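Peer 1: Got a structure here, written out as structure tokens. Questions coming.
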Amino acid sequence: MSTYDQVEIEDMMFDTSTQTFSYPCPCGDKFQIYIDDMFDGENIAVCPSCSLMIEVIFEKEDLQEYYEEAGSQPPEPIAVAA
Amino acid sequence: MTKIYALGSNGNYQLGIGHCKDIVEPHLSFDASRGNVKRIACGGNHTMLLLEDGSLYGCGDNSRDQLSPNAGCTHWKEWKSIQNDIFKDVACGWDFTAVINEDDEVLTRGSGLKGELGLGNEQRESKEWKRVMTVSNKSKIFATLHNCVVVQPYLSGSKVYGWGSNTKCQLFEPKCRIISRPELTYESEDVVIDYVAMGKDFLIYVDVRGRIVKATGCLPAAFKAEKWAPIENLLVRCMWTSVHILVTKNSTQDTPKGIYSFGNNSHGQLFDEKELELPLDIKAFTTGSEHGIIGYRTDNADRTVVACWGWGEHGNCGKFKNSDSSNSGTPLNEIFSWAKNVNAENIHLFGGCATTWIAQDE
């Protein structure tokens, strides 16, 4: 998957109510990525208005402070029925 | 008199034409009987227009009070006068607006969560114009997504003050997250800064002789400021993630006339003279967020043409005659032209977030 740019997590805005990170897109809209998806390993933020995507540069442990800021917890691993 | 045409991204009425559909062919946006255009400044989703007589107009997104206290009016669908004051300069960042007024005060409004308003750590949003600082006469203001700079005359040179994000040391070292009040970023008693060209997280200072005198932040790796330092008569423009230098005279053997581009080429942003035939007589040159715009005389001088290249997904590089490559990269694409009786010096080009602006003084 080819991304338009790379952006570090510290440069993104975090919305505690939606638990979403965002960053300006050159089209005027914003790239968005949900914190739980990042916790699960996703690192591509997409723009709802155009085809551009960015790669978010972060370490999993970076997310802890944002979970604390939002007063929430990382998702529990999904139990797989035997 | 100025006629202003616009095309491109319009989801928040930022083209000022009454609706919010993207535009792929130049559309008359503003017809000014009051005087010529001085500057069009583009934010993420709002646009400001300053005429030579100091009158200021705005359109587009007002959800962060970028244009006026919104009181429920989150969008200006058409151009409206900002207020009756006279302004000397204007610049827009992502969600904020900065001006210099008649009393040489720098004022800001809107939203700046990274210190873009320059009003201190406690004030990251403002519904009204708030005073940042007072500057001397003939100061200029520039902005990009998350930064703002003021260039101020000082002795026989300039002082530059900047604020906003500093995570990439775009203002100065050492790195920090936020500079929430103006801080001195450049000072010289004899070098006069003409403008600061700004990418999304880098700054390039250019003096009145057209020399690159300073470059800071996360610059494209291929761009070497020291290589360019001795060369005069450069015109430097930045997209968010690339640097573009127009050499207008054959200044040295190594750098003949042309456009030299450095940085992100994911969508054909870099001007490649092997693929894009460079018009000989370029009269105007600017950039938007991820596209370039030039105005030139055709080789036989019978027409004046505006053409775009780069990322044109929202129609900002015009309509394509053959295959539509706007999602990937746009070859140099003609979007507008005049017959030969138009004086090319009266054509002014501006670029925003996937928007293209053509102003013609009459």
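Peer 1: For the pair A:Asp15 and B:Lys80, what calculated FRET efficiency results from E = 1/(1 + (r/R0)^6), where r is the Cβ-Cβ distance and R0 = 25 Å, to the nearest 0.05?
Peer 2: 0.25
Peer 1: Going by Cα centres, the range A:1-27 and the range B:14-73 are how many Å apart?
Peer 2: 26 Å
Peer 1: Find how much the distance from A:Glu68 to A:Glu55 grows on full extension, using 0.36 nm per residue of separation minus their present alpha carbon separation; answer in nm with one decimal.
Peer 2: That pair, A:Glu68 and A:Glu55, stretches by 2.3 nm at full extension.
Peer 1: So if I take the centroid of the Cα atoms in the range B:167-245 and the same for the range B:114-138, what is the distance between those two points in Å?
Peer 2: So the two Cα centres are separated by 22 Å.
Peer 1: Ok, one more. Rg to Rh ratio, chain B, alpha-carbon atoms and Kirkwood radius?
Peer 2: Result: Rg/Rh = 0.94.
Peer 1: Taking the C-alpha atoms of the protein assembly as shown, how large are the radius of gyration and the largest Cα-Cα span, Dmax, in Å?
Peer 2: 21.6, 81
Peer 1: Same structure again: What lysines does B:Lys319 reach when the alpha-carbon gap must be under 19 Å and sequence neighbours fewer than 8 apart in one chain are set aside?
Peer 2: B:Lys21
Peer 1: Still on this structure, I have one more. Provide the convex hull volume over Cα atoms per residue for the range B:58-173, in Å³.
Peer 2: Considering the Cα atoms of the range B:58-173, their hull volume per residue is 102 Å³.
Peer 1: Once you keep just the Cα pairs under 8 angstrom separated by 6 or more residues, what percentage relative contact order results for the range B:93-203?
Peer 2: Answer for the range B:93-203 is 24 percent.
Peer 1: How high is the FRET efficiency from B:Asp302 to B:Ala225, r the C-beta distance, R0 51 Å, rounded to 0.05?
Peer 2: Plugging the Cβ-Cβ distance into 1/(1 + (r/R0)^6) gives 0.80.
Peer 1: Something else now. May I ask you to derive the relative contact order of chain B, considering only C-alpha pairs under 8 Å and at least 6 residues apart, and to give it as an integer percent?
Peer 2: Dividing the mean separation by the residue count of chain B yields 13 percent.
Peer 1: Another question, if that's okay. What residue among B:Asp281, B:Asp31, B:Asp299 shows peak mean-square fluctuation when chain B is described by a Gaussian network model with Cα springs under 10 Å?
Peer 2: Highest fluctuation of the listed residues: B:Asp299.
Peer 1: Another question, then. Using a Cα-Cα cut-off of under 15 Å, which aspartates and glutamates could be cross-linked to B:Lys77, ignoring same-chain neighbours fewer than 8 residues away?
Peer 2: Candidates past the 8-residue exclusion: B:Asp22, B:Asp61, B:Asp65.
Peer 1: Then there is this: Volume per residue, Å³, of the convex hull around the alpha-carbon atoms of the range A:5-70?
Peer 2: Dividing the Cα hull volume of the range A:5-70 by its residue count gives 76 Å³.
Peer 1: If you take the Cα Rg of the range B:120-221 and divide it by 2.2 N^0.38 Å, with N the number of residues, what do you get?
Peer 2: 1.06
Peer 1: Next question, about the same structure. Using a 10 Å cut-off around each Cβ of peptide A:16-27, what is the average number of partner chain Cβ atoms that fall inside?
Peer 2: Mean number of neighbouring Cβ atoms from other chains: 5.
Peer 1: In addition: How big a patch of accessible area, both sides summed and in Å² to the nearest 100, lies buried between A and B at a 1.4 Å probe?
Peer 2: 1900 Å²
Peer 1: Determine the percent antiparallel among the DSSP beta bridges restricted to the protein assembly as shown, to the nearest 5.
Peer 2: Just about 95 percent of them are antiparallel.
Peer 1: With the cut-off at 29 Å, tell me which of the pairs B:Lys168/B:Lys224; B:Lys200/B:Lys321; B:Lys249/B:Lys321; B:Lys159/B:Lys227 have Cα atoms farther apart than that.
Peer 2: Numbers: B:Lys168/B:Lys224 17 Å; B:Lys200/B:Lys321 32 Å; B:Lys249/B:Lys321 33 Å; B:Lys159/B:Lys227 24 Å.
Result: B:Lys200/B:Lys321; B:Lys249/B:Lys321 exceed 29 Å.
Peer 1: Here's something else I'd like to know. Please calculate how many Å² of accessible area the range A:5-70 carries per residue, with a 1.4 Å probe and no DNA, RNA or ligand atoms counted.
Peer 2: Per residue, the range A:5-70 has 45 Å² of solvent-accessible surface.
Peer 1: About the Cα centre, and with charges only on the beta carbon of Lys, Arg (+1) and Asp, Glu (-1), how big is the dipole of the protein assembly as shown? Nearest 20 debye, please.
Peer 2: 1440 debye
Peer 1: State the cysteines of chain B left without a partner when partners are defined as other cysteines whose beta carbon lies under 4.7 Å away.
Peer 2: Lacking a cysteine Cβ partner under 4.7 Å: B:Cys20, B:Cys42, B:Cys59, B:Cys73, B:Cys92, B:Cys148, B:Cys169, B:Cys176, B:Cys218, B:Cys238, B:Cys353.
The values are calculated or read from the model by the stated rules, or taken from the named source; none is laboratory data. These numbers were taken from a predicted model, which means no experiment stands behind them. Note that we place each Cβ from the backbone using ideal geometry, even for glycine, and neighbour counts take in every protein chain shown. Note: areas computed on protein heavy atoms with side chains; ligands, DNA, RNA excluded. Shrake-Rupley method; radii C 1.70, N 1.55, O 1.52, S 1.80 Å.
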